[in-house]
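Worksheet for the structure shown next.
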Amino acid sequence: MAASHNRLRELRDLLALERTLMANERTLLAYVRTGMALVIAGFSLIQFFRQNLFVWAGVALVPIGLGVVLVGWVRYRHKGNALASSSSTSL
C-alpha cells in the first residue's frame, strides 16, 4: 500500500511539473503576442499616418515591442532553468 501511495504521489508531482512547464510556455506566447502587436501597431502608425506625433509613436512602439519579446524570452529561460534544476534535485 505504501508503494502505491508513493507512485501516486510521484505521478501527481510529475503532472504538476508538466502543468507548470505548460503555463510557462503559455506565458511566453503571451509575451510574444503582445510584442508582435506592439511592433505591428508601430509599423502601422509609421506607414499610414504622416503627422510627426504618430510617426514618433510608431518609432517608439517598434523597439518597445521587441523589448517585450526579449523580456518574455529571458523570463521563460530563467523559469525553465529554475524548474529543471528543482525537478532534478527533487526526483
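With q set to 0.24, 0.26 Å⁻¹, the log10 of I(q)/I(0) for the stretch 2-90, from the Debye formula over equal scatterers at the Cα positions, is -1.04, -1.12. Axis of helix 52-90 versus longest Cα principal axis of the chain: the two differ by about 10°, to the nearest ten degrees.
Residue-wise HN-Hα couplings along the stretch 15-32, as the Karplus relation 6.51 cos²θ - 1.76 cosθ + 1.60 with θ = phi - 60° gives them from phi, are 5, 5, 5, 5, 4, 5, 5, 5, 5, 4, 5, 4, 5, 4, 5, 5, 4, 5 Hz; Gly and Pro carry x. Basic side chains Lys and Arg get +1 at the Cβ, acidic Asp and Glu get -1 at the Cβ, and with that the dipole of the stretch 2-90 about its Cα centre reaches some 80 debye.
Where a number appears in this text, it was derived from the coordinates with a stated rule and is not lab data. From a predicted model like this one, the values you see are computed outputs, not experimental measurements. For neighbour counting, all protein chains shown are included, and Cβ atoms are generated from backbone atoms with ideal geometry for every residue, glycine included.
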